[in-house]
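Peer 1: Once you've had a glance at the structure underneath, I'll fire off some questions.
The values are calculated or read from the model by the stated rules, or taken from the named source; none is laboratory data. Just so we're clear, the structure is a prediction, and the values are computed from it rather than from any experiment. Cβ sites come from the backbone with ideal geometry, for glycine too, and all protein chains shown count toward neighbours. Remember, those area values only see protein heavy atoms, side chains included, never the ligands or the DNA or RNA. Shrake-Rupley method; radii C 1.70, N 1.55, O 1.52, S 1.80 Å.
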Amino acid sequence: MALKYKCLILDHDDTAVKSTPDIHYPSFVEALKDLRPHDKSITFEDFVRYCFNPGFSSLCKDIIKFTEEEQRHQQVVWKNYTESTVPDFYELFVETIQEFKKQGGIVTVVSHSERNRIERDYSIHCGFVPDAIFGW
């Protein structure tokens, strides 16, 4: 059976991989514990809601009121998580994309994720690196 679409153009974070539950949220909670150990932590649901509206930057600056130094610390913690944690792909994504590739499909990823993280995640979970990556 011939492929209906020869090329897929995919996002990465929170489309293919579970980056918010596996990386973004836990790293933010860890940074909050470091910076504000006596403050109540943020729930996953609130974190997602704030990231959507008003946005992550506003969450940090306007709601949590991180100083510049605290923001830098949060970024270091987040960077450590992105380096050390391989997020899971969403259910059936790996099997679907492997079958598409097996049938001769071209897989392209366009994302704010860094290229080396995309390559790592696909190599580990899917057994191949996308044909083209346009990353951070």
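Peer 1: Taking only segment 43-64 into account, find how many residues are part of a helix (DSSP H, G or I) and crowded, with 17+ Cβ neighbours inside 10 Å.
Peer 2: 5
Peer 1: One residue is enough: does segment 34-42 have a residue meeting the conditions part of a helix (DSSP H, G or I) and modelled with pLDDT of 95 or more? Can you show your working first?
Peer 2: Residues of segment 34-42 that are part of a helix (DSSP H, G or I), as a first pass: 34-35.
From what is left, the residues that are modelled with pLDDT of 95 or more are 34-35.
Yes, segment 34-42 contains a residue that is part of a helix (DSSP H, G or I) and modelled with pLDDT of 95 or more.
Peer 1: Just wondering, is there one or more residues in segment 46-57 that are closer than 22 Å to Val17 by Cα and in contact with a Cys (Cβ under 9 Å, 6 or more places away or on another chain)?
Peer 2: Within segment 46-57, none of the residues are closer than 22 Å to Val17 by Cα and in contact with a Cys (Cβ under 9 Å, 6 or more places away or on another chain).
Peer 1: Of everything in segment 82-125 that's within 12 Å of Asp11 (Cα to Cα) and among the hydroxyl-bearing types (Ser, Thr, Tyr), which residue is surrounded by the fewest Cβ atoms within 10 Å (Cβ to Cβ)?
Peer 2: Thr108
Peer 1: Suppose the filter is more than 17 Å from Thr15 (Cβ to Cβ), open to solvent by less than 50 Å² (accessible area, probe 1.4 Å), not in a helix (DSSP H, G or I) and not β-branched (Val, Ile, Thr); does Phe128 pass it?
Peer 2: The answer is yes for Phe128.
Peer 1: Next question. Return only the number of the condition from (1) farther than 30 Å from Leu3 by Cβ; (2) in a helix (DSSP H, G or I); (3) β-branched (Val, Ile, Thr); (4) in contact (Cβ under 8 Å) with a residue 12 or more places away in the chain that Ile97 does not satisfy.
Peer 2: (1)
Peer 1: Here's a follow-up. Please determine whether any residue of segment 78-93 is outside any loop (DSSP other than H, G, I, E, B), in contact (Cβ under 8 Å) with a residue 24 or more places away in the chain, closer than 19 Å to Cys7 by Cβ and in contact with a Gly (Cβ under 9 Å, 6 or more places away or on another chain).
Peer 2: No, that holds for no residue.
Peer 1: Taking Thr20 as the residue in question, decide whether it is under 13 Å from the mean Cα position of the chain (by Cα), under 30 Å from Asp131 (Cβ atoms) and not in a helix (DSSP H, G or I).
Peer 2: Judged against the criteria, Thr20 is not a match.
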